[in-house]
Amino acid sequence: MPASPVIVIGAGLAGASFVSELRGLGHQGEIILIGDEGRPPYDRPPLSKAYLLSGDAAPLALALPHLDHCEQILDDPAVEVDAAARRVTLKSGRRLDYATLVFATGAAAKPPPPLGLAAPVLSLRTQDDADALRARLLAGGHLGIIGGGIIGLEVAATARTLGLEVTVIEAADRLLSRNASPALARFLFEAHSGKGVTFHFGGMGAASGEEISLADGARLRPDTVLWATGANPNDGLARAAGIECDHGILVDELGRTSAAGVFAIGDVARLKSAAGGGPSRHETWTAARDHAANAARLLMDPSFRPDSTAFYFWTDQYEHKIHVIGAPMAKENVIQTGKSPDSFAIYHVEDGILAGVSLVNNPRLLGPAKRAIARRPRVDPAQLSSPAFDLRAVLQPA
Ligand SMILES: Cc1cc2nc3c(=O)[nH]c(=O)nc-3n(C[C@H](O)[C@H](O)[C@H](O)COP(=O)(O)OP(=O)(O)OC[C@H]3O[C@@H](n4cnc5c(N)ncnc54)[C@H](O)[C@@H]3O)c2cc1C
């Protein structure tokens, strides 16, 4: 049993999942969940998809067992942590002593610089952000999206579905340059272009009044701008408490920070040394859930050691369901076509090892792909493109 009270800062997916897991494992002691959004924990992925499209809040519900078996303070953010005294101070001045502290403070959308544009410049991270964006989308007109990453593209799909004119401006020379292979980026570029989205690469130049001028010489007059250039981890509180941070709160593979009794999970946590690479921070739904479950298990059983899980995210854009597992930026990408041009797998191979798989409208391979990537099997790239290649074969014992 962890020493109590257990205080969790951040009532998002990671924080709420941690409370649910810890109670589910039988922890009886005091748990306090501290949030700052003034609403119960909710799920973020629908904010750019179903919720933005319909305004129906049902998909945001996080149905986690045992969540109400803790004290929830949802509108009084933590403003200071004293790691030596093991004390958290809230904005109201209330002080809470802890035996175990979990940072689950997530990340915040990178704020737009002052652009001097007449049109509103919005970002998307919270339900309030989604409400503000949806109100603009319902007014119609032209949406300019700065950033051709996952959130930018998901909003582009939703806005096109709602009938807006949509332009995406990406600073790099292709979409998703940080977390998807060129082949997947090309597929999404074509899917969006086919739906009428316009793209400009190379970034933006000056913006003022009604107009944004782009690096490629084009000029735009958007009615609304979405600034979607990524997110910054909310690690300021931990940094001020002297806890080791570097673009995220640094943790070991058990989620432990540099301070005794203090853990970090979800989008804010940055693994000090990921297998085969440097520090890594995963801003994905599944990582937040896994971190939460692992931290809870470790607190209940100090001998618990989590299995290493591969990077994984999904994205839904129009009718397309995309799953990315493992390392999508490996050197070699082999496409295995499926039953239709819109359904295929991309195998990512690094030095003869199957390091990642991206699935386009191919969900039946998700389970085998996750299991295969966990094993990092040696593969012959020449065989992967064959329609006869069966991913399940690499799961068979040699
Ligand atoms: C629009 C959108 C769409 C997404 N779609 C997908 C998807 O399709 N697939 C996928 O895999 N992932 C997706 N994600 C990512 C996924 O939602 C995140 O990885 C997940 O929400 C991370 O959970 P978290 O609890 O770590 O952080 P968060 O969800 O950010 O929660 C952290 C909470 O802590 C609060 N907080 C911060 N500081 C304090 C403080 N000092 N005191 C109290 N509270 C504080 C924050 O306000 C927030 O409520 C999406 C994210 C967004 C924003």
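The values are calculated or read from the model by the stated rules, or taken from the named source; none is laboratory data. Computed from a predicted model, the values in this text were never measured in an experiment. All Cβ positions, even for glycine, are placed from backbone atoms using ideal geometry, and neighbour counts span all protein chains on display. We work out accessible area using only protein heavy atoms, side chains counted, and drop any ligands, DNA or RNA first. Shrake-Rupley method; radii C 1.70, N 1.55, O 1.52, S 1.80 Å.
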* Structure fact -> Using alpha carbon centers only, the stretch 48-91 is separated from the stretch 1-31 by a whole-angstrom value of 12
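Quick one: accessible area per residue over the chain, 1.4 Å probe, rounded to a whole number of Å²? Please list the in-between numbers first.
On the way: 17420 Å² over 398 residues.
Here the per-residue accessible area is 44 Å².
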* Asked: Counting DSSP beta bridges with both partners in the chain, what percentage is antiparallel, nearest 5?
  -> 55
* **Kyte-Doolittle mean at least 1.0, axial Cα span of 15 Å or more - DSSP H helices of the chain** => 150-161
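What is the sum of charges, Lys and Arg at +1 and Asp and Glu at -1, for the other residues whose Cβ falls under 12 Å from the Cβ of residue 300? Numbers along the way, then the final one.
Working: positive: 23, 297; negative: 21, 301.
Once positives and negatives cancel, what remains is 0.
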* Structure fact -> For residue 331, counting only lysines whose alpha-carbon sits under 23 Å away and dropping same-chain residues fewer than eight positions off, the answer is 370
* Asked: Excluding same-chain residues fewer than 8 positions from residue 110, which lysines have a Cα within less than 24 Å of its Cα?
  -> 49, 91, 272
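Using a/c under 1.5 as the rounded threshold, could you call the chain rounded, prolate or oblate? The axes a ≥ b ≥ c are square roots of the C-alpha gyration tensor eigenvalues, and prolate needs a/b larger than b/c, oblate otherwise.
Numbers: a/c = 1.93, a/b = 1.18, b/c = 1.64.
Here the chain falls in the oblate category.
At a Förster radius of 25 Å, what calculated FRET efficiency corresponds to the Cβ-Cβ distance of residue 239 and residue 25, to the nearest 0.05?
Details: r = 30 Å, r/R0 = 1.22.
With R0 = 25 Å, the Cβ-Cβ based efficiency is 0.25.
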* To do: Would you tally the net charge around residue 221, using a Cβ to Cβ cut-off of less than 9 Å, leaving residue 221 out, and scoring K and R as +1, D and E as -1?
  => -2
* Choose one of 5, 177, 391: the residue whose Cα lies farthest towards the positive end of the charge dipole of the chain (beta-carbon charges +1 Lys, Arg; -1 Asp, Glu; about the Cα centre). => 391
* Heavy atoms only, probe 1.4 angstrom, no DNA, RNA or ligands counted: give me 385, 17 ranked by accessible area, highest first. => 385, 17
* To do: Sort the stretch 227-312 into rounded, prolate or oblate with this rule: let a ≥ b ≥ c be the square roots of the eigenvalues of the Cα gyration tensor; rounded if a/c is under 1.5, and if a/c is not under 1.5, prolate when a/b is larger than b/c, oblate otherwise.
  => oblate
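With a ≥ b ≥ c taken as the square roots of the eigenvalues of the C-alpha gyration tensor of the stretch 1-136, please select rounded if a/c is under 1.5 and otherwise prolate if a/b is larger than b/c or oblate if it is not?
Here the stretch 1-136 falls in the oblate category.
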* **For the chain, calculated [θ]222 nm from helices alone, where every DSSP H run of n ≥ 4 adds -39500 (n - 2.57)** => -6500 deg cm²/dmol
